[in-house]
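Readers should treat all values here as calculations from the given coordinates under stated rules, not as data from a laboratory. Please read all numbers here as calculations on a predicted model, not as lab measurements. Cβ coordinates were reconstructed from backbone atoms using ideal geometry, including for glycine residues, and neighbour counts include every protein chain displayed.
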Amino acid sequence: MAKVLVVTSGKGGVGKTTSTAALGAALAQMGQSVVVIDFDVGLRNLDLVMGAERRVVFDLINVVQGVAKLPQALIRDKRLENLWLLPASQTRDKDALTEEGVERVIADLKTKFDWILCDSPAGIERGATLAMRYADEAIIVTNPEVSSVRDSDRIIGMLDSKTARAERGERVEKHLLVTRYDAGRAARGEMLSIDDILEILATPLLGIVPESQDVLRASNVGCPVTLNAASSAPARAYTDAVRRLMGEAVEMTVPVERKGLMDRLLRRRAA
Amino acid sequence: MDATQQVARQQVRMRGRSYVAFVFSPVVPVVSWLAEIDATLGKSPGFFTGKPVVLDLAAVDLSQAAIAHLVGSLAERNIRILGIEGVDESRLGANMPPLLTGGRACAITHVEPQKPQPQEKNKDKDKTKLPSLLLESPVRSGQSIVFAEGDVTVLGSVGSGAEIVAGGSIHVYGTLRGRAMAGINGNSAARIFCQKIEAELLAIDGYYQTADDIGDSLRNRPAQAWLEGEMLRITPLN
């Protein structure tokens with residue numbers, strides 16, 4: 001049974017696209033067939049983070065409007081053969097998306113894949129509401145700071161009222177993914193702690209992704225962090241999150257960097 | 001009592017108040033509809049004088065000039081229009097009564113039978129409404145819960161940027177981080193209770209305090225707010 005997941009946050013810049021790519025790749029690494037859809041029409045980024053920007057021919061808007069067929073727009077990942085991308089259009093805007101069109105595309109994808117990950121744009125407007133519209137489950141990406149947490153609270157309210165499931169009287173299962181977490185700063189009180197965030201949002205925790213240079217490096221080379229640096233702390237956090245998504249009981253920890261002697265020597269030389 | 005908040009300065013009061021208005025629903029031809037009004041006025045002159053009257057134009061398609069003429073014709077009969085319903089805002093000129101929305105039908109006492117009757121089909125539904133509202137899930141940022149009929153009870157928390165508006169008291173069994181406005185219809189006996197107070201704004205019957213006015217000694221603990229005369233007081237609950 002295919003599952004439709006929306007990766008959303010309300011606030012921009014918290015790591016929705018990075019997380020979509022990392023989670024999608026981690027699911028594919030576990031043998032699942034996965035498609036990631038970029039809903040950020042006009043400001044597409046997922047293709048860059050996935051390293052597929054030079055292979056985009058048709059996009060989501062073309063498929064929604066019937067200009068192209070779904071198999072023409074889907075791009076297969078070069079590293080993982082069961083990971084696919086449905087890119088957004090950069091030349092159009094969110095008004096080009098229609099509710100019926102998105103419903104049709106998602107219904108079509110459900111017959112072909114195990115997991116459909118929708119990368120939501122920031123904000124609470126048309127793009128974001130359409131990305132969550134047909135979701136079965138939601139991953140809310142939050143940074144440990146007050147503005148991000150409040151925006152997530154708003155998005156959770158919308159997931160409970162504006163989705164097709166909510167309108168049918170069903171629930172959208174929600175998972176909280178805390179990204180850019182710095183245990184040191186949280187301990188010094190410079191950041192909200194995980195307990196604070198959970199107390200405010202009252203939503204089950206899916207994972208804690210530590211702040212790391214590896215994430216930025218992976219985005220810059222166009223490779224999801226779970227592929228680019230599989231043993232890094234953020235990659236392990238995303239992999240644990242995916243195992244929890246698949247129903248495994250994995251102990252909740254904040255993965256830390258494994259610093260070897262060579263690492264430290266190299267870092268010193270680089271500085 | 002040192003934890004009690006007393007605000008001595010002059011406060012702006014915001015209050016809600018509802019009135020029963022007559023709704024006129026003109027039908028075409030408007031001339032004969034006006035004749036009906038004249039017939040009613042003939043039987044009881046001055047019946048509409050000083051009464052709030054709303055014009056519902058949903059059943060007719062009138063131009064801006066025609067609406068202006070109709071409002072003028074009613075004014076000649078000493079009927080002043082409070083607001084207009086069921087028409088696009090663009091059809092209303094600057095000197096016309098404002099557009100009204102969200103009206104609810106209700107019974108009017110002492111109305112003669114030939115007067116345009118408001119639809120009374122919602123009357124029974126209103127009666128069966130419960131005097132209190134129970135919310136079992138948290139109220140999220142951006143949500144606004146308005147329940148003018150009575151008390152609101154929230155089992156979870158009220159998020160920062162959320163809003164609860166109640167005719168009666170407000171009970172929050174989680175943390176109150178948003179706004180709570182109790183007793184909006186002039187009920188000064190209404191109170192606000194919460195398990196943990198971090199509110200952005202508390203108001204009872206129009207008297208309010210913002211987060212800045214609420215002392216730090218009260219924060220993060222169970223508290224209640226009530227009105228003592230014209231003073232909004234907040235005290236810890238334990």
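Observations on the structure shown:
- Seen through its C-alpha gyration tensor, with square-root eigenvalues sorted a ≥ b ≥ c, segment A:134-239 comes out oblate because a/c lies at 1.5 or above while a/b is not bigger than b/c.
- Paramagnetic reach from B:Leu237 (point 7 Å along Cα→Cβ, amide N under 16 Å) across segment B:172-199: B:172-178, B:180-182, B:190-199
- Full-extension gain in nm, A:Met1 to A:Val67, via 0.36 nm per residue minus C-alpha separation: 20.9 nm
- Oblate is the label for segment A:194-250, because a/c, from the alpha-carbon gyration tensor with a ≥ b ≥ c as root eigenvalues, is 1.5 or above and a/b does not exceed b/c.
- Mean separation of Cα pairs under 8 Å and 6 or more residues apart, divided by the residue count, gives segment A:140-263 a relative contact order of 21 percent.
- Exercise: per-residue mean of other protein chain Cβ atoms within 10 Å, B:192-203: 0
- Distance between modelled label sites at B:Asp88 and A:Arg243, nm, 7 Å Cα→Cβ extension: 6.1
- Packing-based ranking, highest mean first, of A:60-72, B:179-191, B:27-39 given that Cβ atoms within 10 Å are counted: B:179-191, A:60-72, B:27-39
- Applying the Kirkwood pairwise sum to the alpha-carbon positions of chain A produces a hydrodynamic radius of 18.7 angstrom.
- Listed residue (B:Ile79, B:Leu57, B:Gly103) projecting farthest to the positive dipole end of segment B:55-106, Cβ model: B:Ile79
- Computed lengthening from A:Glu167 to A:Arg185, 0.36 nm per intervening residue step minus Cα-Cα distance: 2.4 nm
- Within the shell of other residues whose beta carbon sits under 12 angstrom from the beta carbon of B:Ala21, the net charge comes to +1, with Lys and Arg scored +1 and Asp and Glu -1.
- Percent antiparallel among DSSP beta bridges (both partners in the protein assembly as shown, rounded to 5): 20
- Amide hydrogen neighbours beyond the local backbone of A:Lys3, cut-off 5 Å, H modeled: A:Trp115, A:Ile116
- Gyration tensor verdict on the protein assembly as shown (Cα atoms; rounded if a/c is under 1.5, prolate if a/b is larger than b/c, oblate otherwise): oblate
- Among A:Gly222, A:Val178, A:Gly207 the positive-end extreme of the charge dipole of segment A:143-223 (Cβ point charges): A:Gly222
- A:Glu100 versus A:Thr253: modelled label distance in nm, points set 7 Å from Cα along the beta carbon direction: 5.3
- Of A:Lys11/B:Lys196; A:Lys110/A:Lys174; A:Lys94/B:Lys196, those spanning more than 31 Å from alpha-carbon to alpha-carbon: A:Lys94/B:Lys196
- Formal net charge of residues neighbouring B:Ser169 (Cβ-Cβ distance under 13 Å; K, R +1; D, E -1): -2
- Sparse packing (at most 14 other Cβ atoms within 10 Å of the Cβ) combined with a DSSP loop state is found for the following trypsin sites (Lys or Arg not before Pro) in segment A:118-193: A:Arg168, A:Arg171, A:Arg188.
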